[in-house]
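> Can you keep this structure in mind? I'll have questions shortly.
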Amino acid sequence: MKADWDESCDVLVVGSGAGGMAAAITAADAGLSVRMVEKTDRIGGSTAISGGAIWAPNNAQSARVGHPDTPERVRAYMRAVVGDAAPQALQNAFLDAAPAMVAWFEEHTEVQLAGRTYSPDYYPDREGAAHGGRSLDPLMFDGRRLGRHFAELRDPLPEFMVLGGMMITMTDVRHLLAVTRSFASWREGMKLVMRYFADRLRGYHRGTRLVLGNALAARLFRSLLDRQVPYWLNSPVRELLRDGHRVGGALVERDGRLVRVRAQRGVVLATGGFPWGKELRQAHYPQPTGAWSMAPTGNAGEGIAMARSVGAAMGQGHVSPAFWAPVSILKRPDGSELRYPHLVWDRAKPGLMAVNGAGERFVNESASYHDFVSGMYDSHRRTPTFPAYLICDADFVERWGLGLALPGGRPREHLVRAGYLYRADSLADLATQLGLPGQALQASVTRFNHWAELGRDEDFGKGSTDYNRYLGDPDHQPNPCLGPIRRGPFHAVKVYAGDIGTALGIACNEQAQALDTAGQVIPGLYMAGNDMHSVMGGEYPAPGITLGPALTFGWLAGRHLAQNQPQTVA
Ligand SMILES: Cc1cc2nc3c(=O)[nH]c(=O)nc-3n(C[C@H](O)[C@H](O)[C@H](O)COP(=O)(O)OP(=O)(O)OC[C@H]3O[C@@H](n4cnc5c(N)ncnc54)[C@H](O)[C@@H]3O)c2cc1C
């Protein structure tokens, strides 16, 4: 169908997360006219609420931070973890391009990153694994540098901010918890808090010291503004439009009317996958599934549906359709829900145990969030495991907190009243509250405490790998992840099979061009971020394995668009 166009550009980018912004910046930098459209009223998507870790192995910083890497080692690791779950050509394209992508962004844009000095891959015992250097974090960004556009950047998750709007990293948390014990921590804590209050006095709606994924989104956004890329907020794309045999534009809803935007070189769909696309989720997620995703609700699978409507094929061979994370849910008095992802803070600490509906352990609690939920699905085949229960004692909650329950004597009554946090003086009472068999729970705790005393979990291996121990308590010996559950009141939260985004997406080639069911390129159509079938095939090898590929394939798409003139169509 030939459309009468209202607007025209070289490249139309749909979605303003890491995938979309990487493609837009790269294409604009090459001199193309780019327009970006975003469905919601904010820039940044999941990227802006994420941890911001970027897995880009063999990058130039690896050696500088003490972890020299080689392509052979990385390939061996990918073979050991991803194997045939994703096409080999795509894996090679990612591994070849990721270091160059990081170097390009660092040289040309505001996207400045720091290699992690210690951050084990999630399977540190497999061939080719590394203990640092492969994952990078965005450097802190001063939100004031966005000027009036700061208000357009998606806010981080409220549960990852303190004092109603101050962002903090894991290092900041450690300082804040130690302010009364260490002068250095007191000084760091004071600096953070003073800066935050100064921001609020100046009228900012939240702190402007941006870290984690919010810093990444802000850095990408700044780079986009520097190139004067026009963008429309509140402008969902409704339909792809053809121009002859190629995808040549899209129908964008803007200010209540439909605008036909021509994209002479191509359209990049980067709408963040389908974590909130109910039908796609029902069709592709294992059962049970529910409204448990941590992604913004706007990520509803629209990009994937539009790509399929022009003949694009879904990827195949993946082991899992999503990247999982155990999630606990607080129901607020107004009926809304607050979801908390148990990613890296509480599960691996000594003194926390997870059980299924039979009151029995079923998983290594310090495994990655993805493997923890895979363990829930495995267990559920035999025993009800939705929800699963995280159990700990009074000392644990005081020291580490549990989900939304904060440590250090902070008020928790409201969480107990809301039915989020369960608390009981005895394990028997806790079991009754949770509806678990009391004797089984008691037996599980006794056995868990035995492993804690031994320092070795012979059932599930809690604390058995360097990655497990990295997230444990380094001061706790002999095993940083194993401690007893002993002193009441005992506490619990329920967790569900949440996700941080989808892995199943549209099959693409090495330039991020969408493919049809015959494996042929659909001219003019590119996919980026989670709209593209994951190069990890639904495996989760390391921190940052969605943002690394999102940036890399967005960058490759932008370069390909810049290098390739579209064929003239009559
Ligand atoms: C709590 C949390 C922590 C995470 N931590 C990490 C981490 O540390 N490292 C990592 O690699 N990954 C992490 N992730 C996952 C990561 O954030 C996502 O995989 C990634 O941001 C996806 O990028 P994207 O560009 O595909 O989509 P997004 O960043 O979600 O952007 C998609 C955008 O498209 C917009 N959109 C949707 N439909 C339309 C439409 N029809 N028209 C126009 N726009 C549309 C959406 O509103 C959204 O703004 C985390 C996720 C969460 C939730």
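> Can you pull the semi-axes for the chain, root of five times each eigenvalue of the Cα gyration tensor, sorted largest first, whole Å?
Output for the chain: semi-axes of 40, 25, 23 Å.
> Show me 532-541, 478-487, 268-277 ranked by packing, highest mean number of other Cβ atoms within 10 Å first.
Final packing ranking: 268-277, 532-541, 478-487.
> While we're on this one: Determine the distance separating the Cα centre of the stretch 43-88 from the Cα centre of the stretch 103-139; give it in Å without decimals.
After rounding, the separation between the Cα centres reads 7 Å.
> Oh, and also: Taking just the alpha carbons, could you work out the radius of gyration and Dmax for the stretch 408-517, both in angstroms?
20.4, 60
> I would also like to ask the following. Looking at the P(r) of the stretch 196-279, how many percent of alpha-carbon pairs lie beyond 20 Å?
Tail fraction, whole percent: 58.
> Within 12 Å, Cβ to Cβ, of Asp499, how many net charges do the neighbouring residues add up to if Lys/Arg are +1 and Asp/Glu are -1?
Here the charged neighbours net out to +2.
> Same structure again: For the stretch 285-405, report the % of Cα-Cα distances exceeding 22 Å.
Considering the stretch 285-405, 45 percent of its Cα-Cα pairs are separated by more than 22 Å.
> In the neighborhood of Arg200, defined by Cβ-to-Cβ distances under 15 Å, what is the net charge if each Lys or Arg adds +1 and each Asp or Glu adds -1?
+3
> Where the centroid of each part is defined by its Cα atoms, how far is the stretch 175-216 from the stretch 505-549 in Å?
The distance from the Cα centre of the stretch 175-216 to that of the stretch 505-549 comes to 38 Å.
> May I ask you to work out the translational diffusion coefficient for the stretch 82-185 at 20 °C, viscosity 1.002 mPa s, via Stokes-Einstein with Rh from the Kirkwood sum over Cα pairs, reported in whole µm²/s?
122
> Moving to a separate point now. Hull surface divided by four, with the convex hull built on the Cα atoms of the stretch 131-185: how many nm²?
In nm², the orientation-averaged hull projection of the stretch 131-185 is 6.1.
> Take a quick pass over the chain and tell me how many lysine pairs come in under 25 angstrom between Cα atoms, counting only ones 8 or more apart or on separate chains.
Step by step, the pairs that qualify in the chain add up to 8.
> How large is ³J(HN,Hα) for each residue in the stretch 434-443, as worked out from phi by the Karplus curve 6.51 cos²θ - 1.76 cosθ + 1.60 (θ = phi - 60°), to whole Hz, x for Gly and Pro?
Result, ordered by residue: 8, x, 9, x, x, 5, 5, 5, 4, 5 Hz.
> Per the helix-only calculation at 222 nm, which mean residue ellipticity applies to the chain, given -39500 (n - 2.57) for every DSSP H run of n ≥ 4 and division by its residues, nearest 500 deg cm²/dmol?
Estimated from H runs of four or more residues: -9500 deg cm²/dmol.
> Also, I was wondering about something else. Starting with the fewest neighbours, write out Thr552, Thr208 ranked by other beta-carbon atoms found within 10 Å of each beta-carbon.
Ranking Thr552, Thr208 by Cβ neighbours within 10 Å, fewest first, gives Thr208, Thr552.
> Based on other C-beta atoms within 10 Å, arrange Glu110, Glu159 from fewest to most.
Starting with the residue having the fewest Cβ neighbours, the order is Glu159, Glu110.
> Can you tell me the equivalent ellipsoid semi-axes for the stretch 471-558? Use √(5λ) from the Cα gyration tensor, largest first, whole Å.
Working through the eigenvalues yields semi-axes of 43, 15, 10 Å.
> What ranking of Ser185, Ser374, Ser16, Ser320 emerges when the number of other C-beta atoms within 10 Å of each C-beta is taken as an exposure proxy, fewest first?
Taking fewest neighbouring Cβ atoms as first place, the list is Ser185, Ser374, Ser320, Ser16.
> Rank-order 58-67, 502-511 by packing density, defined as the average count of other C-beta atoms within 10 Å over each peptide's residues, highest first.
Order by mean packing, descending: 502-511, 58-67.
Values quoted throughout were computed directly from the atomic coordinates according to the rules given, and no laboratory measurement underlies them. Everything quoted here is computed from the prediction, not taken from an experiment. Methodologically, a virtual Cβ is constructed for each residue, glycine included, from the backbone with ideal geometry; neighbour enumeration extends over all protein chains shown.
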